[in-house]
Amino acid sequence: MSLTKEQKLTLFTNLVRADLYDKMMYRRMMQGKLIGFYHPIEGGVAPGVGACTFLNKDDNLNPHHRGHGMAHMISKGIDVRTFLAEHTGKETGCCKGRSAFHFSYPDHKVYQMSGFIGHNFAPCVGWGYAAKRRAQGQVVMNCSGDGSYGQGRAHEAMLMAQNWKLPIIFFCENNGMSIFSTAKEMHPTENISSLAQGFGMPAVVVDGQDVFAVAEVALAAIADARKGKGPVFIECKTERFTEHDIGTPDLAGWEDRTPAQHEDMRKREPVNLATERVLADKTLTQARIDAIREAALKEIEEVEAFADASEIARPSEEELLANVFAP
Amino acid sequence: MRTITLIGAIKEALAEEMRRDEDVFLVGQDVRGGIFPHTKGLIEEFGEERILDTPISESGMYGTAMGAAQEGMRPIVDFMFGGFSYVTFSECSVSTGQYHFLHGSQRSLPVVMTAGVGTGQRLANDHAMSIHGTFAHHPGIKVAMPSTPYDAKGLFKAAIRDNNPVMIPWHMGIMMLKGEVPEEDYMVPLGVADVKRQGSDVTVLANSVQLQNALKVADKLDGEISVEIIDPRSFVPFDMETLLTSLEKTNRLVVVDEDWESGGFASTISARVMEQGFDLLDAPVTRVCMPNMPVPGGYMEEYVAPNPDKIEAAIRNVCA
Ligand SMILES: Cc1ncc(C[n+]2csc(CCOP(=O)(O)OP(=O)(O)O)c2C)c(N)n1
Ligand SMILES: [Mg+2]
């Protein structure tokens, strides 16, 4: 499936936005203007953008936790002002400031960000079941990292999705790292997607630094899933340029990742790669690219202004207790 | 009125609710074939789309229910034996209980969980443990347990129609207990206790099979000690008012619970009575619970678990 010029433009725009959102989050964490923790997605923005840009509003999405899902959510068209407000503990947050980073946007079928790695896998079976029963072509984009596939529930979900031919895309963002542990040590095969073979599930491996390549693969998988062909596994080979989360040392095993390693991975920075591509194939001019960047910066400024202008949420204990159960 | 078994009453509730609402479905292991009688035969009426058997994948099985509930459906998940819920505990307890609250009350999670629990079958710990106290410990999940066929039908219907997650185990020791059950639609509201027997000397708070044991003991002591018996029916929410009203009359309390003594529901109730009803008490609250050992299998279960003899001794002691 080759991409139209329009599609490339949208992907490029979302990629630039996702990257700048990440830089904003990084900056705010360093400034002490973010609560909880932050797991930067620098170097790994392309998979989420490629996976989510062409989803429909009523498709289910589990955003990967890295970058706290913003690359995914902005690509799906979610207004993330209330996300940042949530992440700063404000009343206007999407979860009324109660959740730290456990955001949810049920109207966009982003039902939960769990603090338990791998806890997307169990409910994704239920989303797939509901989608199949309703038979309206809804798909489930289930994004998570290489590390999350160590969880037995990942294997259970793949087993059941294939048994029941559910429209679930197992979208693995393999950055080769899980905190300090490497996928090389923690997973016995070169590709995480080899797991799919055991369940008879089709799988593809794609260059996760190339947003256009990811989108092509995702579009094909989404189309197949909509037609009822069952689950698909997509593995993106990507990178994590930074430490796991801000404040944690940047180790592989128990030793620092080396400058040579960093230099090597940074050769393939996803925004640079995409910029070269859109200039070379004349999708965009430098002037258009600059304008996209400017617009993204302005958008982010507004998102920050919204969060900063909002009040800190400090509901009474009584009010909180009254919200443990639904009416 | 006709009489049916407790397990038959559960089945009737499931079938009626599935008939009433297309979004209600059942997911479990070997429920199509009816591993326990309450699911047997449902497949014939509701088909494979709504009676789902999964592999031995408790997380995926529970996740089918959890995800579908997030999608607005009303799933019932059957763990077979209560201990098996622990295999997916982070999903069915932690994530489930926090769902509505943490996500800013945007969505509720109307999942019903059920499982057979309790002693009497000589199956030992992982197949015999109580789970209601553990679920009650985690905020955000309602917990109920029936002790009569009437309550079984009514509580299951209330649970299925509730907008919150509800864990409602049933005790294998009273699975075949018969009682009067109306054929029509009715609900037993969650959070309303039932005074099963009037008395004036001592209140016994007992649930499920132990409620049945307590009733036998009360009959035996009739004329000697007047025993009032309350069935909480639900643990979360708990009907404190009914208990305190009873204590105004009796001034003595025995809590019978098949869960372990340590950290169990009986401890919570004793503490609450201390805090809210200390002045009503003429004697310390007494508990009859599972001693703090893994539930043994074999024949020793009979004298280790709460039983009529232990309940009688506790009543005599608190009234002495
Ligand atoms: C159940 C559970 N175990 C461990 C953790 C701690 N933890 C947080 S992120 C993470 C690594 C996840 O790695 P991966 O899935 O590859 O995603 P990445 O962070 O590399 O993008 C771990 C172990 C957790 N949050 N939840
Ligand atoms: Mg990783």
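Any read-out appearing in this document is the output of simple, stated calculations on the displayed coordinates, not a laboratory observation. This is a predicted model, so every value here is computed, not measured. FYI the Cβ positions are ideal-geometry reconstructions off the backbone, even for glycines, and counts take in every protein chain you see.
Candidate cross-link partners of A:LYS23 among the lysines, defined by an alpha-carbon separation under 17 Å and a same-chain spacing of 8 or more, comprise A:LYS33, A:LYS298. Assign one of three labels to the stretch B:3-180, namely rounded, prolate or oblate, based on the Cα gyration tensor with a ≥ b ≥ c the square roots of its eigenvalues; rounded applies when a/c is under 1.5, prolate when it is not and a/b is larger than b/c, and oblate otherwise. Rounded, because the longest to shortest axis ratio a/c is under 1.5. Helical content alone sets the calculated 222 nm signal of the protein assembly as shown at -12000 deg cm²/dmol, taking -39,500 (n - 2.57) per DSSP H segment of four or more residues and averaging over every residue. What is the stretch B:194-319 by shape, rounded, prolate or oblate, if you read a ≥ b ≥ c off the alpha carbon gyration tensor as root eigenvalues and call it rounded for a/c under 1.5, prolate for a/b larger than b/c, and oblate otherwise? Since a/c reaches 1.5 but b/c is at least a/b, the shape of the stretch B:194-319 is classed as oblate. Computed from backbone phi with θ = phi - 60° and the Karplus coefficients 6.51, -1.76 and 1.60, the 3J(HN,Hα) list for the stretch B:244-258 is 5, 4, 5, 5, 4, 8, 9, 6, 9, 9, 10, 9, 10, 8, 6 Hz; x is used for glycine and proline. Taking amide hydrogens as placed 1.01 Å from N in the peptide plane, the amide H of B:LYS196 sits under 5 Å from those of B:ILE229, B:ILE230, B:ASP231, each at least 5 positions away in sequence or on another chain. Derived from the Cα gyration tensor, the three semi-axes of the equivalent ellipsoid of the protein assembly as shown are 53, 26, 21 Å, largest first. With a ≥ b ≥ c taken as the square roots of the eigenvalues of the C-alpha gyration tensor of chain A, please select rounded if a/c is under 1.5 and otherwise prolate if a/b is larger than b/c or oblate if it is not? Rounded shape, in that the Cα axes give a/c under 1.5. Within the straight-line cut-off of under 18 Å between alpha carbons, the lysines reachable from A:LYS76 are A:LYS8, A:LYS57, A:LYS109, sequence neighbours fewer than 8 places apart in one chain being disregarded. Computed from label points 7 Å out along Cα-Cβ, the spacing between B:MET187 and A:ASP245 is 4.0 nm. Can you find, among A:GLY97, A:PRO259, A:TYR26, the residue sitting farthest towards the positive end of the charge dipole of chain A, where Lys and Arg contribute +1 and Asp and Glu -1 at Cβ? Sorting the options by dipole projection puts first A:GLY97.
Of all the options B:HIS138, B:HIS127, B:HIS171, the one that moves most in a Gaussian network model of chain B with Cα springs shorter than 10 angstrom is B:HIS138. Computed 3J(HN,Hα) for the stretch B:216-222, one whole-Hz value per residue from the Karplus formula 6.51 cos²θ - 1.76 cosθ + 1.60 where θ = phi - 60°, is 5, 5, 4, 4, 4, 7, 3, glycine and proline marked x. In a DSSP loop and with at most 15 other Cβ atoms within 10 Å, the trypsin sites (Lys or Arg not before Pro) in the stretch A:269-327 are A:LYS282.
Looking at the stretch A:234-323, the GluC sites (Glu not before Pro) that sit in a DSSP loop and have at most 14 other Cβ atoms within 10 Å of their own Cβ are A:GLU311. For the stretch A:140-216 versus the stretch B:132-150, the inter-centroid distance based on Cα atoms is 37 Å.
Using a Gaussian network model of chain B in which every pair of alpha carbons under 10 angstrom is joined by a spring, one finds that among B:GLU301, B:GLU48, B:GLU275 the greatest mean-square fluctuation is at B:GLU275. Sorted on the mean count of surrounding Cβ atoms within 10 Å across their residues, most packed first, peptides A:43-52, B:111-120 read A:43-52, B:111-120. Of the trypsin sites (Lys or Arg not before Pro) in the stretch A:22-71, the ones in a loop by DSSP (not H, G, I, E or B) with at most 13 other beta carbons within 10 Å are A:LYS57. With charges set only on the Cβ (+1 for Lys and Arg, -1 for Asp and Glu), what does the dipole of the protein assembly as shown come to about its Cα centre, in debye to the nearest 20? That gives the protein assembly as shown a dipole magnitude of about 1260 debye. DSSP assigns beta bridges within the protein assembly as shown; of those with both partners inside it, close to 20 percent run antiparallel. For the stretch B:243-320 versus the stretch A:80-100, the spacing of their alpha-carbon centroids is 45 Å.
Label positions at B:GLU45 and B:VAL195, each projected 7 Å from the Cα along the C-beta direction, are separated by 3.6 nm. Bridges between two residues of the stretch A:5-311, per DSSP, are antiparallel at a rate of about 20%. Among B:SER130, B:GLY63, B:THR96, which residue has its Cα furthest toward the positive end of the charge dipole of the stretch B:3-180, with +1 on Lys/Arg Cβ and -1 on Asp/Glu Cβ? Positive-most Cα among the choices belongs to B:SER130.
For the stretch A:5-311, a crude dipole built from +1 on the beta carbon of Lys and Arg and -1 on the beta carbon of Asp and Glu, taken about the Cα centre, is about 1060 debye to the nearest 20.
Mind putting a number on the dipole of the stretch B:182-320 about its Cα centre? Charges go on the C-beta only, +1 for Lys and Arg and -1 for Asp and Glu, and I need it in Debye to the nearest 20.
360
Here's the list of aspartates and glutamates a cross-link from A:LYS96 could span, going by alpha-carbon distance under 20 Å and ignoring same-chain residues fewer than 8 apart: A:ASP79, A:GLU86, A:ASP107, A:GLU302, A:GLU304, A:ASP308, A:GLU311, A:GLU317, A:GLU318, A:GLU319. Working note: Karplus 6.51/-1.76/1.60 with θ = phi - 60° gives the stretch A:49-54 the couplings 5, x, 6, 10, 4, 10 Hz, where Gly and Pro are set to x. In this simple spin-label model, placing a label point 7 Å from the Cα along the Cα-to-Cβ direction at both A:GLN261 and A:GLU6 gives a separation of 4.4 nm. Largest mean-square fluctuation among B:ASP126, B:ASP279, B:ASP201, in a Gaussian network model of chain B whose springs join Cα atoms under 10 Å apart, belongs to B:ASP279. In this structure, the residue pairs whose Cα-Cα separation is over 23 Å, taken from B:LYS11/B:LYS142; B:LYS11/B:LYS216; B:LYS40/B:LYS216; B:LYS153/B:LYS196, are B:LYS11/B:LYS216; B:LYS40/B:LYS216.
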